[in-house]
Structures are given as structure tokens and as C-alpha cells.
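Everything below concerns the one structure shown next.
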Amino acid sequence: DAGVTQSPTHLIKTRGQQVTLRCSPKSGHDTVSWYQQALGQEPQFIFQYYEEEERQRGNFPDRFSGHQFPNYSSELNVNALLLGDSALYLCASSFEETQYFGPGTRLLVL
Amino acid sequence: QKEVEQDPGPLSVPEGAIVSLNCTYSNSAFQYFMWYRQYSRKGPELLMYTYSSGNKEDGRFTAQVDKSSKYISLFIRDSQPSDSATYLCAMSAGDTGRRALTFGSGTRLQVQP
């Protein structure tokens, strides 16, 4: 059984560009949450999707948007990238019980 | 003030030692408690999950929750060099699958062979 998968593993962008990150949840999981983890910091909740809708949102600007597909996979989009968006972006999947994390996508904004 | 406080360490112990990691929290709504282990540049790995006060044991790991004191702990027995990682406590106000997790800042643990 494959765990949570994320793509790409690494990404380099320049300020002002847009980026899309992808996540496939564990088999049987219908909920996907996204977190941002800056270097040396704890993960911060961005938002959560289930039933293809954003259900909860953390304290992130609307430059951060997402989508969930009928197969429960999800995308995170970030527009107008800032240097401060450089971080490890983590996807977590769940089904009622607790959240299991993927390996993350490391984004560097230059 | 952060809702979840965790001693950042680093904590250095010899192989075989018992390790105690702790978090305190201020939000009474938190009802579900987790411990994750994170190796450098990797995603967090779930170690323990509990929602009631008391102890829960799984192999070398014991999670302890004291809701009256708003204090949780993770004990690691017979620590191994492979346990060297950052340990994150996390908590949520409801069923964790459908709620945002709030993390502590993480404790870096180094187990010396």
C-alpha cells in the first residue's frame, strides 16, 4: 500500500512566479491537508480539503489556493511567489483518524 | 504566546538512555494528541496518537497525557542512534482527520552511540 506521495520533490522558482504542487493520499483516505514548514520551524496549517471543497483554512493569504479531485488527490497553488514562501510543503492525508504525512516538496524561491 | 510550547533542545543522550520529551498547551479545546518523528529534510512520521488522559504504550514508546495540567509527554526507552531526529508534538480540537493540527516547535534529539 503506497503511502502519501507528493510531486515534485524539489522545485526552484523566482519571485513573482506561480507554482503547483501535487499530492496523492493513502489508499482509503478522503481528506487532504496542506502544511508549510519553514526551515527550523514547525509545520503551519494552510488548508484542508474533503469532498472536493476547502473545509478549513489557516492564516495564509489567498495567494495560496488549492483543489481536490474526485479521486481525492489534491493540488496546492501559490501565486506571486515571495522569497518567504521558500519552505517544505507537506501534504497529509486522513480518513476520520489522524493525519499521515508525505515526504514533502521543497520549494526554493530566488 | 504560542498555543503549544515545546522545549527545542537539542537533547543529547547516550545510547540506551530513557528519553523524556514534553509539551504544554494552553487551548482547552485540544482533545487529540500526537507525536511525530521527523528526520532531516523528510516528512513527519506518526509515532503515537491518543485522546484520553493517561498512558499509551507502543513498543519502546510511551505517550502520557495529563489534560488537567495541559501537559503531554513522550518517553523513549532504550534509545538508539536511529532515534536521532526532531520530535514534534501535535494536537487538535476534534477528530484529527478533519481538523487542523497545531504543532509544537519540535525537540531535536541526538542519541550518542
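Residue-wise test of (1) farther than 28 Å from B:M91 by Cβ; (2) at pLDDT 95 or above; (3) at the interface with chain B (Cβ under 10 Å from one of its Cβ atoms).
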position: A:L21; (1), (2), (3): no, yes, no
position: A:Q44; (1), (2), (3): no, yes, yes
position: A:L76; (1), (2), (3): no, yes, no
position: A:A80; (1), (2), (3): yes, yes, no
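None of A:G66, A:G84, A:G28 is over 11 Å from the mean Cα position of the chain (by Cα) and more than 20 Å from B:M34 (Cβ to Cβ) except A:G84. Filtering A:Q56, A:Q48 for residues that are at the interface with another protein chain (Cβ under 9 Å from one of its Cβ atoms), surrounded by 15 or more Cβ atoms within 10 Å (Cβ to Cβ) and in a strand (DSSP E or B) leaves a single hit, A:Q48. Please find, within region B:88-98, the residue that is nearest to the chain's Cα centre (by Cα) out of those that are within 7 Å of another protein chain (Cβ to nearest Cβ) and buried (at least 21 other Cβ atoms within 10 Å of the Cβ). The selected residue is B:L88.
Restricting to region A:89-110, name every residue that is open to solvent by 10 Å² or more (accessible area, probe 1.4 Å) and either facing chain B (nearest Cβ under 7 Å) or in a strand (DSSP E or B) (or both). Once the filter is applied, which keeps residues that are open to solvent by 10 Å² or more (accessible area, probe 1.4 Å) and either facing chain B (nearest Cβ under 7 Å) or in a strand (DSSP E or B) (or both), region A:89-110 yields A:F95, A:E96, A:E97, A:Y100, A:F101, A:P103, A:R106, A:L108. Of the residues making up region B:67-87, those that are closer than 11 Å to B:F33 by Cα and either out of contact with any strand residue (DSSP E or B) (no Cβ under 7 Å at 6 or more places or on another chain) or within 14 Å of chain A (Cβ to nearest Cβ) (or both) number 1.
The values are calculated or read from the model by the stated rules, or taken from the named source; none is laboratory data. Keep in mind that what you see is a predicted model, and the values were worked out from it rather than measured. Don't worry about glycine lacking a Cβ; one is built from the backbone with ideal geometry, like all the others, and counts go over all protein chains shown. What goes into the accessible areas is simple: the full protein's heavy atoms, side chains included, and nothing from ligands, DNA or RNA. Shrake-Rupley method; radii C 1.70, N 1.55, O 1.52, S 1.80 Å.
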